1. So how tilted is helix 321-339 from the main axis of the chain? Cα-based, degrees 0 to 90, rounded to 10.
2. Work out how far the C-alpha atoms of the stretch 1-133 reach from end to end along every principal axis, then list the three figures in whole Å, largest first.
3. Could you state the angle between the C-alpha long axis of helix 290-299 and the longest principal axis of the C-alpha atoms of the chain, as a value from 0 to 90 degrees rounded to the nearest 10?
4. Give me the number: length gained by fully extending T194 to S465, i.e. 0.36 nm times residue separation minus the C-alpha to C-alpha distance, one decimal in nm.
5. Return the subset of K97/K288; K102/K122; K122/K442; K282/K429; K122/K429; K97/K429 for which the Cα-Cα distance in this structure is over 32 Å, preserving the input order.
6. Within the stretch 382-403, whose backbone N sits under 18 Å from a point 7 Å along Cα→Cβ of R439?
7. How many angstrom lie between the Cα centre of the stretch 73-138 and the Cα centre of the stretch 162-207?
8. By how many degrees, between 0 and 90 and to the nearest 10, does the Cα long axis of helix 140-156 differ from the longest principal axis of the chain?
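Rule-based calculations on the coordinates, nothing more; no lab input. In this text, all values refer to a predicted model and were calculated from it rather than measured experimentally. Don't worry about glycine lacking a Cβ; one is built from the backbone with ideal geometry, like all the others, and counts go over all protein chains shown.
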Amino acid sequence: MQSKDETAASLPRPTAQQLEWHRMEFYGFIHFGINTFTDQEWGYGDQPPTRFDPSRLSPQQWAEVATDAGMRGLILTCKHHDGFCLWPSRYTEYSLKNSPYKGGTGDVVGELSEACRQQGLKFGVYLSPWDRNHRHYGGPEYIRYYRDQMQELLTQYGPIFEVWLDGANGGDGYYGGANETRTIDRATYYQWSTTIAQIRQLQPDALIFSDAGPDIRWIGNERGMASASTWYTFDPQGRYPGYSPPGYDPAADLGQGHQTGRSWIPPEADVSIRPGWFYHEKEDSQVKDGRQLMELYYQSVGRGANLLLNLPPDRSGCIPQQDIGALQEFRRLRQQLQDSIPAQVPTASASSGSSPAAVSHPSSEQFWQAHTEDKAPWLQLEFGTPVTFDHVILQETIARGQRIAGWQLQAAQGPAWRTIGSGATIGFKRLHVLPEPVRTDKLRLLLAPYVASPALSYFAVADVSGE
Ligand code: FUL
């Protein structure tokens, strides 16, 4: 059996780029294109480019809305399954260069990447592998085309933080007028290892997302819901974007990850602020409100995943007012949570290890770590006088790998301890909401079981209901 020291040395850890990505927590998706104008979710690929006709398109507004909402980046559907390109690709006529937008001289990818740069947002690209317009889809020529387009997106628009590889693949489409169904072998058709090497070469800092990684994995549903237990470690063997071997279970595999997985491939929870990914007028009354978005935040970021929230611009080319209102309320609720952390820092003590005072501030550079010989590590907060709280906020020091596999919260009740919450993983952030407020002068966190000696960066309480 391996000793705990050996286990710690061989633990998968995030790359510097992944660590920076974990710190982003919340960023946005923009689904915009010909579907916006045809009121569709999956365009067939047969609509003329002239249908793309926004009256006052403003990528600047998208970036401002995202910044005001507290997002850290935006990912754009540069090409969705219908094949229409939001940049003037030199490899196809099926793009905005043949649309009325700016008389065919526009470039939405360029305009948004520039607006993001100005606002201090990171910029990411979605380039759908499935292309229902392209006549060669299904054959080797299309793979060359896909990589040529990837080359354009990764060389013309500055730094890209995330390349989003969608899993939907093959089926019926226009395909240059063939109007037929084309099936592909999802495991072999795209020769992903070559495209992934191309992305690495062109944008070494970009993280590649798909339902199989290699850098970020899909959470396994489109409801923005992470698993109660979330491992960043994952074994992608036999999986490719859009393909998983038989026996795969999205909730168990993608949601929870694999505790003993050998690769660091953390999950991203994607969800739309509206029922659809693209704008549909009939969904104007179904925009998720601030409280619903806060729920999504708890079940994604609060469980250690990142939240990718989709904001579909309407036919004018702007994000509608009611969506903006919901985002403002969402931001207010997150701020309220932040503001309800008591200003007075409690005194921290621990069963062993380095100085526990490090957990009083949410800094990932400073952390407490239990001694390797400590069989039953714990951390304790003493408030001096009793405090009331309804949230507990935890952050694991994930730069050292994901180590905590079980935790329990106990509040002092006179001489006894009462368990007020428990779970398995912590990860980058864990927001634990108590069913009812607790009043105590001492709170402790028991950390067991664990993979290697636990390291924690933050341990705090908040009282939202008492605000
Ligand atoms: C899915 C696509 O099929 C949807 O249209 C959307 O883009 C979503 C984010 O991913 O796989």
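1. Tilt of helix 321-339: around 20 degrees.
2. 65, 33, 27
3. 70 degrees
4. Difference between extended and current length: 92.3 nm.
5. Numbers: K97/K288 34 Å; K102/K122 25 Å; K122/K442 41 Å; K282/K429 36 Å; K122/K429 21 Å; K97/K429 44 Å.
Too far apart for the 32 Å limit: K97/K288; K122/K442; K282/K429; K97/K429.
6. Flagged as within label range: 383-391.
7. Going from one Cα centre to the other spans 16 Å.
8. 60 degrees
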